[in-house]
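Take a look at the structure set out below.
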Amino acid sequence: MTAILVTGADLAPQALALLEGHDIVYAGKAPTEADLVALCRTHDPVAIIVRYGKVGAAVMDAAPSLRVISKHGSGTDTIDKAAAQARGIEVVAAVGANAAAVAEQALALLLACAKSVVSLDARMHAGHWDKATHKSVELGGRTIGLVGLGAIGLRFARMADALGMRVLGYDPYARNLPAYVQAVELPVLWAESDVVSLHCPLTEDNRGLLDAGTLAQCKRGVIVINTARGGLIDEDALLEAVRSGHVAMAGLDSFAVEPMTAGHPFQGEKNIVLSPHIGGVTGDAYVNMGVGAARNLLAVIARQPATL
């Protein structure tokens with residue numbers, strides 16, 4: 001029986017049903033590289049389903065039979081794709097499996113920022129009634145700039161259009177965009193957007209995409225939303241921009257280092273709304289990502305039979 005290593009503590013029953021006949025090995029909720037290397041040496045998996053942690057060359061070298069690394073989701077930045085390619089290991093992702101969940105989280109963060117949901121809730125619970133002094137932001141008629149127009153970005157674009165927003169989008173790989181999305185280059189997106197929302201994968205080319213320079217090109221009072229990858233934002237620059245008022249609010253679901261630890265400078269900032277990278281964590285997305293990851297790895301195994 002061939003082994004499949006899951007870098008997590010569980011997998012949806014629907015995914016497990018697809019993988020019947022394989023020995024499923026769980027690495028736990030927070031596996032280290034040493035944990036994964038040890039498990040690979042013990043079980044020599046033919047496939048790895050990546051939920052948490054990073055899979056680099058050392059992990060791959062510990063599993064001589066490894067033929068496919070399948071991401072439980074869409075972002076593959078935690079997998080060393082160059083190392084995989086050099087070893088003939090295919091990397092696949094369950095693209096679109098969590099698109100609805102992440103797009104909805106982006107909308108939730110946008111509304112929380114525009115409508116001051118978190119701060120007003122805290123004030124109400126403290127016994128205050130701020131109706132006479134508070135004004136929220138109305139999104140209808142304002143411009144949102146989306147960086148990344150894949151499954152998540154396009155789904156969020158439809159939501160923004162439904163709110164009556166003008167939708168700008170930047171994605172050099174996107175084709176056949178809907179009529180309500182206006183394709184622009186980044187300088188135009190920065191300059192014209194009242195809201196900037198990130199929906200692109202993290203690469204070495206776009207790491208720190210939103211930094212002091214690009215934030216300075218944005219409108220004063222811009223709202224920043226990130227449900228993609230924390231590394232897309234220079235966190236020090238964003239914090240400075242929030243404190244200066246150049247960025248009115250930021251809604252963030254991902255961070256440069258995860259999990260966020262106590263003492264992070266974002267903690268306690270009243271104009272930053274935080275969630276612990278749970279945009280794709282819903283019951284439906286859990287099933288969709290698990291099934292997608294299982295189907296993807298089975299397709300690779302079927303296409304690339306083991307060599308004797």
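The values are calculated or read from the model by the stated rules, or taken from the named source; none is laboratory data. Remember, it's a predicted structure, so these values are computed and weren't measured experimentally. Virtual Cβ from ideal backbone geometry, glycine too; neighbours counted across all protein chains shown.
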Note to self: Every residue in segment 84-106 that is part of a helix (DSSP H, G or I) and under 14 Å from the mean Cα position of the chain (by Cα), please.
What the structure shows: A99, A100, A101, V102, A103, E104, Q105, A106
Check: Which is under 21 Å from T76 (Cβ atoms), of a type in the set (D, E) and crowded, with 17+ Cβ neighbours inside 10 Å, of D194, D211, D253?
Finding: D253
Notebook entry, point to check: Applying the selection to segment 250-290, what residues are touching a strand residue (DSSP E or B) at 6+ places or on another chain (Cβ under 9 Å), of a type in the set (S, T, N, Q) and more than 21 Å from A30 (Cβ to Cβ)?
Noted result: N271
Next item on the list: State all residues of segment 63-83 that are aliphatic (A, V, I, L, M) and in a helix (DSSP H, G or I); if no residue qualifies, say none.
Entry: A82, A83
Check: Taking the condition surrounded by 16 or more Cβ atoms within 10 Å (Cβ to Cβ) and within 21 Å of M249 (Cα to Cα), does V222 pass?
Finding: yes
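Here is a yes/no grid of residues against (1) in contact (Cβ under 8 Å) with a residue 60 or more places away in the chain; (2) closer than 23 Å to V6 by Cβ; (3) under 16 Å from the mean Cα position of the chain (by Cα):
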{"residue": "V242", "(1), (2), (3)": "no, no, no"}
{"residue": "M249", "(1), (2), (3)": "yes, no, no"}
{"residue": "G263", "(1), (2), (3)": "no, no, no"}
{"residue": "G268", "(1), (2), (3)": "no, no, no"}
{"residue": "L274", "(1), (2), (3)": "no, no, yes"}
{"residue": "Y286", "(1), (2), (3)": "yes, yes, yes"}
Margin query: For segment 173-181, check the following and say yes or no: at least one residue is in a strand (DSSP E or B) and closer than 29 Å to V257 by Cβ.
Written below: no
Next item on the list: Give segment 153-172 a look and list any residue that's in contact with a Gly (Cβ under 8 Å, 6 or more places away or on another chain) and not in a strand (DSSP E or B), or say none.
Entry: G153, A157, L163, G164, M165, D171
Checklist line | Near pairs, Cβ below 6 angstrom, 6+ apart or cross-chain, from segment 177-199 (within 13 Å of L210 (Cβ to Cβ)) to any residue that is of a type in the set (S, T, N, Q) and crowded, with 23+ Cβ neighbours inside 10 Å | finding: L198/N226
Next item on the list: Please determine, by comparing only the residues of segment 73-104 that are closer than 10 Å to A285 by Cβ and buried (at least 21 other Cβ atoms within 10 Å of the Cβ), which one is modelled with the lowest pLDDT.
Entry: G73
Check: Mind checking which residues of segment 197-229 are modelled with pLDDT under 95 and either closer than 10 Å to G148 by Cβ or within 15 Å of the chain's Cα centre (by Cα) (or both)?
Finding: P201, L202, T203
Next item on the list: Please give the number of the condition E138 fails out of (1) more than 17 Å from A250 (Cα to Cα); (2) part of a loop (DSSP other than H, G, I, E, B); (3) modelled with pLDDT of 95 or more.
Entry: (1)
Checklist line | Pair list, Cβ under 9 Å, 6 or more apart: segment 1-12 residue in a loop (DSSP other than H, G, I, E, B), other residue among the polar types (S, T, N, Q) and buried (at least 19 other Cβ atoms within 10 Å of the Cβ) | finding: A12/N288
Margin query: Please return the ranges of strands (runs of 3 or more DSSP E) entirely within segment 210-308 where 3 or more residues are in contact with a Ser or Thr (Cβ under 7 Å, 6 or more places away or on another chain).
Written below: 222-226
